[in-house]
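Written out below as structure tokens is the structure these notes cover.
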Amino acid sequence: MAHDGAPFVEFQDVWLAYSEALQAQQQFAVEAINLTVRRGEFIAIVGPSGCGKSTFMKLSTGLRMPSRGSIRIDGQPVTGPLKISGMAFQAPSLLPWRNTLDNVLLPLEIVEPYRSNFKAQRRVYAERARYLLHKVGLGGMEDKFPWQLSGGMQQRASICRALIHEPKMLLLDEPFGALDAFTREELWCTLRDLWTEQQFNVILVTHDLRESVFLADTVYVMSKSPGRFVLRRDIDLPRPRDLEITYTPAFTDIVHELRSHIGAVRNSTAPVQP
């Protein structure tokens, strides 16, 4: 799939220690992160537990500032939390006292510029929410409460909530990790279709190598902590991809290649492999 050639995310020699004391001891959570992501690109970050994947996510949203280096997103230096991004996590964290529609609308009630005119525009926003819910297979579930939804349905609603304010970038931290295999694959296809239609940037953090290869344009493998990228792998499988591709030799070869790098001990002198 073609992408705009202009960089959308740029990390330049980014290091992060979680405190000044740790920095003084040269104990970094991630180090020497260099990354250029094209506008509209879907990337996945994989690696062992504790390698810094979630730290990378915090840096990408502006929730953490780097100890060294610089980050630019959408042409602007990152100096604080970004309003152009949406996030979804492994736990859907829907508010139990709000129905599905109101859970999806929540960001518009609390984030400017939507907050100021939420009451006046609520009907318009509700139609946008219903459209998203229909796209992910939750049409007719608007009045259901979280306890009335399956885990997969809750995660679909969570993704709608992350997209309701039409962000330029969607960040997903193990979003399907708690789901059964069949539901997880259904949601891969749901996410694929939403991204294909809207072309927002996606940063997906996952332990599931098959998931990363099925969804992403590019997969980055992180080393053991302190995390740095040890492999950048372009996924040159044709799009649109359906689940049948996951049974092909070309697909499984890429998965096995990525697996061979998982758990790698970083080499401070070794560059990222192309």
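The values are calculated or read from the model by the stated rules, or taken from the named source; none is laboratory data. On a predicted model such as this, the values are computed, not experimentally measured, just so you know. So basically every Cβ, Gly included, is an ideal-geometry build from the backbone, and we count neighbours across all protein chains shown.
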Give me a count of the residues in region 53-105 that are hydrophobic (A, V, I, L, M, F, W, C) and part of a strand (DSSP E or B).
5
Out of (1) more than 26 Å from residue 239 (Cα to Cα); (2) of a type outside the set (Ser, Thr, Tyr); (3) in contact with a helix residue (DSSP H, G or I) (Cβ under 6 Å, 6 or more places away or on another chain), what's the single condition that is false for residue 46?
(1)
Residues satisfying the stated conditions in region 91-106, i.e. surrounded by 17 or more Cβ atoms within 10 Å (Cβ to Cβ), in contact (Cβ under 8 Å) with a residue 12 or more places away in the chain and not hydrophobic (A, V, I, L, M, F, W, C)
92, 99, 100, 103
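Per-residue answers, yes or no, for (1) outside the structural domain of residue 124 (by TED's automatic domain parsing); (2) crowded, with 18+ Cβ neighbours inside 10 Å:
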residue: 144; (1), (2): no, no
residue: 150; (1), (2): no, no
residue: 153; (1), (2): no, yes
residue: 156; (1), (2): no, yes
residue: 160; (1), (2): no, yes
residue: 175; (1), (2): yes, yes
residue: 178; (1), (2): yes, no
residue: 182; (1), (2): yes, no
Of the residues in region 226-266 that are among the β-branched types (Val, Ile, Thr) and within 23 Å of residue 13 (Cα to Cα), the one that is surrounded by the fewest Cβ atoms within 10 Å (Cβ to Cβ) is 265
Check whether at least one residue in region 168-178 is in contact (Cβ under 8 Å) with a residue 12 or more places away in the chain and in a helix (DSSP H, G or I), and report yes or no.
no
Name the pairs whose Cβ atoms lie under 7 Å apart, with the first residue in region 221-236 and on the phi > 0 side of the Ramachandran plot and at pLDDT 90 or above, the second of a type in the set (S, T, N, Q) and part of a loop (DSSP other than H, G, I, E, B), and 6 or more positions between them or separate chains?
none
